[in-house]
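The values are calculated or read from the model by the stated rules, or taken from the named source; none is laboratory data. The shown structure was predicted, so the numbers you read here are calculated from the model rather than taken from an experiment. Using ideal geometry, Cβ is built from the backbone for each residue, glycine included, and neighbour counts are taken over all protein chains shown. Accessible surface is based on the protein model in full, side chains and every heavy atom, while ligands, DNA and RNA are left aside. Shrake-Rupley method; radii C 1.70, N 1.55, O 1.52, S 1.80 Å.
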Amino acid sequence: MRRRFAVASFSLAVVLGCGTLPAAAAAPADTGRSALAAPALDVNALAAPDVDVTKVRAHLSELSAIAGRNGGNRRSTTQGYRDSVAYVKGKLQAAGYTVTEQPCTSGCTSGAGPNLIAEWPQGDANNVYMFGAHLDGVSAGPGMNDNGSGSAALLENALTLAQQNPAMRNRVRFAWWTDEEQGLNGSEFYVRSLSSTQRSTIRAYYNFDMVASTNGGYFINRITTSAAAPMKAYWDSLGLRPEENTEGAGRSDDYPFQQAGIPTSGYAMGASARKTSAQAAKWGGTAGSAYDPCYHRSCDTLTNVNTTGLNRAADGIAHTLWQQAVSSTTRG
């Protein structure tokens with residue numbers, strides 16, 4: 001997650017397009033989606049599979065090893081970032097995805113690596129549900145929670161979708177963003193690159209940034225919106241009583257999509273803000289301490305990962321993917 005709230009403004013001018021995309025999630029009833037976020041939720045959608053958190057952690061271990069071989073970090077301008085892109089890309093290609101590296105040719109830090117876009121080529125291409133996480137980290141450490149956690153949870157969801165290969169109603173696209181820590185630059189470039197028609201096909205964008213904070217809470221971006229409904233429904237089903245992600249507002253890659261008029265939501269477990277006593281009573285953990293005591297520090301290592309929270313986020317992503325894009329019709 002980017003440290004400061006200030007985000008540079010950007011033009012919505014048409015620049016260049018990017019191809020269509022992938023999916024995976026499960027089942028709440030429609031709460032009334034906006035016209036932009038149509039079509040309605042499918043109450044008969046197939047239940048999402050369980051996403052194996054052991055496999056999510058295995059991806060984190062690979063990202064940690066990549067950082068270790070490259071100066072201890074995965075900053076967007078480094079070989080550590082480029083090797084992270086290669087790892088994710090290789091897994092996706094082996095699973096059958098069409099994967100595109102999108103160079104950030106304007107607005108990014110000089111030398112920043114590409115965005116990585118992957119699409120599951122089934123379902124209605126005029127109704128796209130997009131799921132993203134920033135793959136870069138800060139120079140201070142390997143970035144396992146920020147944002148190896150979101151990147152790994154997203155990757156295993158994409159691989160689970162490919163393995164399950166369900167019939168699709170709608171299209172799903174996955175993205176791993178560059179240069180988020182330097183100003184949301186990769187996602188901002190992507191949104192700028194879309195034509196107005198391409199933007200209009202994206203029914204919702206879901207963002208996952210820091211979903212394994214060790215003293216974390218359960219936060220949802222724009223929690224009262226129709227886009228957030230399946231995400232909230234899943235965490236509600238676990239009795240978590242999630243709250244609005246006020247700390248993260250305007251600070252991660254959902255913001256450029258939101259500014260472009262695209263419905264957004266996502267999960268987070270918190271960064272440097274401090275847990276309240278009411279939150280500690282509800283979720284456990286330590287009141288008065290940061291949600292992630294290793295935020296943007298060298299100690300953001302594999303020991304700085306809340307496996308329970310990571311598991312709940314990964315399964316909630318699957319629930320949302322299945323609900324929004326998977327058909328209730330089984331393959332014959």
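Worth a mention:
- Test: residue in segment 299-321 that is in contact (Cβ under 8 Å) with a residue 24 or more places away in the chain, of a type in the set (Gly, Ala, Ser), farther than 13 Å from Gly148 by Cβ and open to solvent by 50 Å² or more (accessible area, probe 1.4 Å): no
- Residue count for segment 184-199, restricted to those that are hydrophobic (A, V, I, L, M, F, W, C) and not in a helix (DSSP H, G or I): 2.
- Filtered residue count, segment 68-99, keeping only those that are within 11 Å of Asp136 (Cβ to Cβ) and part of a helix (DSSP H, G or I): 5
- Residues located in segment 167-200, provided they are open to solvent by less than 10 Å² (accessible area, probe 1.4 Å), out of contact with any helix residue (DSSP H, G or I) (no Cβ under 8 Å at 6 or more places or on another chain) and of a type in the set (A, V, I, L, M): Leu194
- Where helices (runs of 4 or more DSSP H) fall wholly inside segment 209-312, the ranges with 3 or more residues that are modelled with pLDDT of 95 or more, among the aliphatic types (A, V, I, L, M) and within 30 Å of Val128 (Cα to Cα) are 229-237.
- Residues being in contact with a helix residue (DSSP H, G or I) (Cβ under 6 Å, 6 or more places away or on another chain) and among the hydrophobic types (A, V, I, L, M, F, W, C) - total across segment 93-119: 6
- Matching residues, segment 103-118, being in contact (Cβ under 8 Å) with a residue 60 or more places away in the chain and open to solvent by 10 Å² or more (accessible area, probe 1.4 Å): Cys104, Thr105, Ser106, Gly107, Cys108, Thr109, Ala112, Pro114
- Condition check for Arg203: at positive phi, open to solvent by 10 Å² or more (accessible area, probe 1.4 Å) and in contact (Cβ under 8 Å) with a residue 24 or more places away in the chain: no
- Close Cβ contacts (under 7 Å, 6 or more residues apart or on different chains) running from residues in segment 167-183 that are in a loop (DSSP other than H, G, I, E, B) to residues that are open to solvent by 10 Å² or more (accessible area, probe 1.4 Å) and polar (S, T, N, Q) comprise Ala167/Ser327; Ala167/Thr329; Ala167/Thr330; Arg169/Ser327; Asp179/Thr109; Asp179/Asn185; Gln182/Thr109.
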